[in-house]
Amino acid sequence: MSEVKISAATRTEFGKGAARRIRREDKVPGVLYGHGSDPVHLTLPGHDLLMALRTPNVLIALDIDGKSNELAIPKSVQRDPLKGFLEHVDLQLVKRGEQVTVEIPVHTEGELAPGGFLLEHVLNALPVEAEATHIPESVTVSIEGLAAGDSVLAKDIKLPKGTTLTVEDDTVVLQVLSAQAEEAPEGEEAAEEEAAEA
């Protein structure tokens, strides 16, 4: 996983007014925390941060005030619900070699068996533990030929070396359902039976 370098500045102004002023300058207020140290309040460049956050669990090399360099991963990102711009970001301090718990996106490849089945993502992201500088961007799962009743468990997903699950092995990640249209006749039969009993 590559590091994205971002220059940040410490901030001393807090509150909604200060946050609005920061955003007007195309910057984003944020907090860096971890390792038992006091939280550091930062101002980050909006465009650079937005581009970095396109990569899940991106490793950010922060240059703070040109004095200190820290590694961090995003833990919480707040966006404007209507316009989508970044409002605030929480960053977790990490060190090289340190194990961190993150969620990595689950992607699928292949086609379900013929028959109009539906694929349900029970988990859109898989909770794992990985070394801070080697966090996988995603995992890919083959759904080729799966039919109704089939499921993919966490233990069935091949993880990159050095990455381990932080959920139970038998946690369902994906499952295949029969299409709703096929279930309708059963519902109609049940309704007819109820009508006959009445």
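Ranking ILE64, VAL106, VAL128 by how far each Cα lies toward the positive end of the dipole of the chain (charges on Cβ) leaves ILE64 at the top.
When peptides 53-61, 86-94, 145-153 are ranked by their average number of other Cβ atoms within 10 Å per residue, the highest-first order is 86-94, 53-61, 145-153. Computed from label points 7 Å out along Cα-Cβ, the spacing between HIS121 and MET51 is 2.6 nm. Among the protein heavy atoms of region 21-141, carbon and sulfur supply 48% of the accessible surface, probe 1.4 Å, non-protein parts ignored.
Take the residue pairs LYS5/LYS75; LYS67/LYS95; LYS67/LYS161; LYS27/LYS161; LYS5/LYS155 and return only those whose Cα atoms are more than 25 Å apart. Show your work: numbers first, answer last.
Numbers: LYS5/LYS75 17 Å; LYS67/LYS95 17 Å; LYS67/LYS161 35 Å; LYS27/LYS161 37 Å; LYS5/LYS155 35 Å.
Cα-Cα > 25 Å for LYS67/LYS161; LYS27/LYS161; LYS5/LYS155; rest within.
Each Lys and Arg adds +1 at its Cβ and each Asp and Glu adds -1 at its Cβ; summed about the Cα centre, the chain shows a dipole of about 2300 debye.
Modelled this way, with points 7 Å down the Cα-to-C-beta line, the labels at ASP169 and LYS67 are 5.1 nm from one another.
For region 10-96, applying the loop criterion from DSSP together with a ceiling of 13 other beta carbons within 10 Å to the chymotrypsin sites (Phe, Trp or Tyr not before Pro) yields PHE14, PHE85.
Expressed in Å, the radius of gyration and Dmax of the Cα atoms of the chain are 23.0, 81. Ranked by the mean number of other Cβ atoms within 10 Å of their residues, highest first, the peptides 98-109, 122-133 fall in the order 122-133, 98-109.
What is the P(r) of region 38-111, as percent of Cα-Cα pairs per 10 Å bin from 0? Reading the bins upward from 0: 14, 48, 27, 9, 2, 0.
The values are calculated or read from the model by the stated rules, or taken from the named source; none is laboratory data. Keep in mind it's a predicted model, so treat the numbers as computed, not measured. Heads up, the Cβs are rebuilt from the backbone with ideal geometry, glycines too, and the neighbour counts pull from every protein chain shown. Please note that ligands, DNA and RNA were not included when accessible areas were found on the heavy atoms of the full protein model with its side chains. Shrake-Rupley method; radii C 1.70, N 1.55, O 1.52, S 1.80 Å.
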